[in-house]
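Inspection log for the structure reproduced underneath, given as structure tokens.
The values are calculated or read from the model by the stated rules, or taken from the named source; none is laboratory data. Note that the structure is a prediction, hence the values are computed from the model and not measured. Virtual Cβ from ideal backbone geometry, glycine too; neighbours counted across all protein chains shown. SASA here: full protein model, heavy atoms, side chains in, ligands and nucleic acids out. Shrake-Rupley method; radii C 1.70, N 1.55, O 1.52, S 1.80 Å.
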Amino acid sequence: MRRCNIQRTHLIKCAMDSSYSNMANDPTVIFPRINIRDPYKRLGISREASEEEIQAARNFLVQKYAVHKPSVEAIESAHDKIIMQKFYERKNPKINIKKKVRDVTQSRVVQAVVSRFRTPSMNFIIKTSIAFIILGALTVLFPTEEGPTLQVAISLIATIYFIYNRLKSKMRAFLYGAGAFILSWLLGTFLMVSVIPPILKGPRSLEVTTSLTTYVLLWVSSTYLK
């Protein structure tokens, strides 16, 4: 009886080992993404997945392919790589430029400034562009010892005229034009002195370059200011 029990136990153990070996060699229990190098694609998750989703994917796959040791090793390796990468990103966060730009453009200040501008008709844009291009050409081609005083004065008058042409209000046209002229001249002077290196040469190069910068800003104000 004892010999029969020993033989029966040996036969059951052999049968279990044979069954386990057959399951391990069965292609249906081998992890299909075992050779994919990208750890996220190997686990079948997105790069924005949370740690809970990563852990859940790992546990599910390990449980499903537990009988195939290389599959489990591939799953564990992908899981470890993702966890280490997440840890590194938390320790050394990257600056998301697109998100920063989107946050700035959607801020209340920027939205308030943008709401003050609108796009006019193409004919009006061409008209203002020609006027300020002519002023810029006269400023560069005919510099004087006193500086481009006449051209700057004409640019102020042109700005007020174009704003009035759109808004049909003399008071608003004068206030907007004078304000735009003062801000444009101050900003142009700051840019020429502190930011942009001198482009033109000559005794009045600073005044000429500042005038050209002012013309650009005045063109934007007279054309798009609402």
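What the table shows:
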item: Cβ-placed point charges (K, R +1; D, E -1), dipole of segment 33-127 about Cα centre in debye, nearest 20; result: 640
item: Rounded to whole Å, sorted largest first: equivalent-ellipsoid semi-axes of segment 64-116, Cα gyration tensor; result: 46, 13, 6
item: Computed lengthening from Asp103 to Gln63, 0.36 nm per intervening residue step minus Cα-Cα distance; result: 10.1 nm
item: By average C-beta atoms within 10 angstrom, highest first, the peptides 213-219, 117-123; result: 213-219, 117-123
item: Potential extension, Leu167-Arg33 segment - 0.36 nm per residue separation minus Cα distance; result: 41.7 nm
item: Rg and Dmax of segment 39-91, Cα atoms only, in Å; result: 10.9, 36
item: Rounded percent of accessible protein surface that carbon and sulfur make up, segment 118-224, 1.4 Å probe; result: 74
item: Separation of alpha-carbon centers, segment 157-189 and segment 73-90, rounded to whole Å; result: 60
item: GluC sites (Glu not before Pro) within segment 37-75: DSSP coil, no more than 10 neighbouring Cβ in 10 Å; result: Glu48
item: Viscosity 1.567 mPa s, 4 °C: Kirkwood-radius Stokes-Einstein D of segment 118-224 over Cα pairs, µm²/s; result: 92
item: Accessible area (Å², per residue) of segment 118-224, counting only protein heavy atoms and a probe of 1.4 Å; result: 60
item: Additional length obtainable on full extension of the chain from Ser194 to Lys91, 0.36 nm per residue less Cα span; result: 33.4 nm
item: Residue pairs, from the table Lys168/Lys226; Lys64/Lys91; Lys64/Lys86; Lys41/Lys98, whose Cα atoms sit over 22 Å apart; result: Lys64/Lys91; Lys64/Lys86; Lys41/Lys98
